[in-house]
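Notes follow once the structure below has been shown.
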Ligand SMILES: [Zn+2]
C-alpha cells in the first residue's frame, strides 16, 4: 500500500508550472472586483441583490475574515505575469476577445404557436394543455438566485505530507477547503453537468466543480474491502460529503491511462468504484505529453487511447471532457475537441485550462465550454488568484458574484440588472426578477 505523498511518481517536472491562462483583467467584469473585503461588506455592494446579501449574512464567516485587502486589477495581472515569467515558461494569455461565443445567432423565430380559428373541439383541448411555462421552484429573490454568476472550477493534484509544490496540499488543508465550501453552501457538480448546463443543486446553493488531475496514488486507493481509502483525496471527499445532508461527492477525475493511481494494478477497480460514486472520469491523455509538441496523428492517438481504455475498463463511463496536460492546446486546436486514430474516436464537450479565474456561468454569453478556466487550490489567503483568494472575491459579491441556484434546472433566474450577460440562446428560459 502506497501512502499519501509517497507514490514515487513525482510529476513536478511536467506539471503546468507557469502556464497560466490569463483573462483580460481590464474588462468590465474583472476590473471592479478586486477591491475585496470579507463578511458582509463589499466594495461593490450596489451590484449585490439585497436578498443575496441576506443569505450571505446568514452564512458562517469566510476564510480569512476580518482582513481587508485592496488590490487593483492591473496589479493582479502584473503579479500573475511576474509569477509566470519567474518560472521561465510559456505564458498564454486568453483575453476576452479570444473567448469567442460559440453559439449560433439567436433564433428569432417566435415560439408562440399560430392559432387557427376554426373553433373545433380539438383546438379547445389543445388550449387546455398549453406549453408549460418554466416556473422556478422557489421565489428566486428570496434565495438570492443568480444563475448568471460565476462558477469556481477548482483544480487539485496531489496530497502530500510536506505540502508538496504549489499544485499540492496536505490532507488537512484539503479537508479544510472542502468543509469551508460545503459550510458556505457550495455544492459539487461535474464538468459534464456544467457544460451540459444541468446544474441541479438546491435553491440558494452554489455550484462548485472539483477537478483532479493526473490519477496519482494520493487521489484514490482501495482498502482491503474494496472501498475508497479514506486517506486519499477522493475518499476524503466521499467521507466529508457524507457529513452533509445534501452534498453529493461529485468530482471530475482526469486520468492518465498509462499511469492509473500509482500503477498498483488496482486501476480498473478504482475507476469502477469512482464511477459508482457518481464521479466523472475525464481525459488527461494516455501519457501526459505537451500536445503542442506532437504531430496531428500523435495528438489524436494520445486522446483516443485514453477514451478507448476507459471504455474498456468501465464500459458504463462516458468520457465527455478533457483536461489539457499542462493546460496546452495542440497546434490544431480543433483536435482537442474531436478526432480519431486507430485506437478509436473521441469527442469532448468540455475542455479545461489550467488557470486562473472562475468560469462564467454556462448561461453567460462569454462561457466557452471548450476553454474553461480553473482555479488552483490553495488555502493560503495571500496566494493571489488561487482558491482561497478567489473564494473571498466571489463571496464578496460584485462583478464576480457567485452563481446561486433557483432550485430549478429549467429556469435561469437572475437579478434583472445582470441580464445583459445572458447568452441570447437561453432567452426563452430566462427568469429575471
Ligand atoms: Zn496533468
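The values are calculated or read from the model by the stated rules, or taken from the named source; none is laboratory data. Because the structure is predicted, anything quoted here is derived from the model rather than measured. Note: ideal-geometry Cβ built from the backbone for every residue, glycine included; neighbour counts use all protein chains shown.
I'd like to know if region 323-335 contains one or more residues that are touching a strand residue (DSSP E or B) at 6+ places or on another chain (Cβ under 8 Å), at pLDDT 95 or above, within 16 Å of the ligand (Cβ to nearest atom) and closer than 25 Å to residue 205 by Cα.
no
Which residue is farthest from the ligand (Cβ to nearest atom), if the candidates are limited to region 248-263 and must be touching a strand residue (DSSP E or B) at 6+ places or on another chain (Cβ under 9 Å) and assigned to a loop (DSSP other than H, G, I, E, B)?
Ranking the qualifying residues of region 248-263, first place goes to 248.
Going by the conditions given, is residue 285 under 14 Å from residue 313 (Cα atoms), buried (at least 21 other Cβ atoms within 10 Å of the Cβ) and within 16 Å of the ligand (Cβ to nearest atom)?
no
Could you say which residue among 228, 194, 222 is surrounded by 24 or more Cβ atoms within 10 Å (Cβ to Cβ), away from the ligand (no atom under 16 Å from the Cβ) and more than 12 Å from the chain's Cα centre (by Cα)?
Selected residue: 228, the only one of 228, 194, 222 that is surrounded by 24 or more Cβ atoms within 10 Å (Cβ to Cβ), away from the ligand (no atom under 16 Å from the Cβ) and more than 12 Å from the chain's Cα centre (by Cα).
Within region 248-274, track down each residue that is surrounded by 22 or more Cβ atoms within 10 Å (Cβ to Cβ) and at pLDDT below 95.
262
If you scan region 364-378, which residues turn out to be crowded, with 21+ Cβ neighbours inside 10 Å and over 20 Å from residue 326 (Cα atoms)?
Passing the criteria: 364, 367.
Could you tell me which numbered condition residue 428 fails, if it satisfies all but one of (1) in a strand (DSSP E or B); (2) more than 20 Å from the chain's Cα centre (by Cα)?
It is condition (1) that residue 428 fails.
Hey, residue 320 hits all of (1) away from the ligand (no atom under 16 Å from the Cβ); (2) buried (at least 21 other Cβ atoms within 10 Å of the Cβ); (3) closer than 25 Å to residue 229 by Cα but one; which does it fall short on?
Condition (3) is where residue 320 drops out.
Quick check, is residue 245 away from the ligand (no atom under 16 Å from the Cβ), without any contact (Cβ under 8 Å) to a residue 12 or more places away in the chain and surrounded by fewer than 19 Cβ atoms within 10 Å (Cβ to Cβ)?
yes
Residues in region 224-233: is at least one closer than 13 Å to residue 387 by Cβ and modelled with pLDDT of 95 or more?
no
Within region 364-381, is there a residue that is part of a helix (DSSP H, G or I) and under 29 Å from residue 166 (Cα atoms)?
no
Quick one: would you say residue 279 is in contact (Cβ under 8 Å) with a residue 60 or more places away in the chain and either surrounded by fewer than 22 Cβ atoms within 10 Å (Cβ to Cβ) or farther than 16 Å from residue 259 by Cβ (or both)?
So residue 279 passes the test.
For region 282-293, how many residues meet the condition of being assigned to a helix (DSSP H, G or I) and either in contact (Cβ under 8 Å) with a residue 12 or more places away in the chain or under 12 Å from residue 308 (Cα atoms) (or both)?
Adding up the residues that qualify gives 2.
Being under 24 Å from residue 304 (Cβ atoms) and in a loop (DSSP other than H, G, I, E, B): is that true of residue 275 here?
Answer is no for this residue.
Would you check which residues across region 150-170 are more than 19 Å from residue 356 (Cα to Cα), touching a residue at least 12 places away in the same chain (Cβ under 8 Å) and assigned to a loop (DSSP other than H, G, I, E, B) and list them?
160, 161, 162, 164
Can you confirm whether residue 214 is more than 16 Å from the ligand (Cβ to nearest atom) and either closer than 18 Å to residue 350 by Cβ or surrounded by 20 or more Cβ atoms within 10 Å (Cβ to Cβ) (or both)?
no
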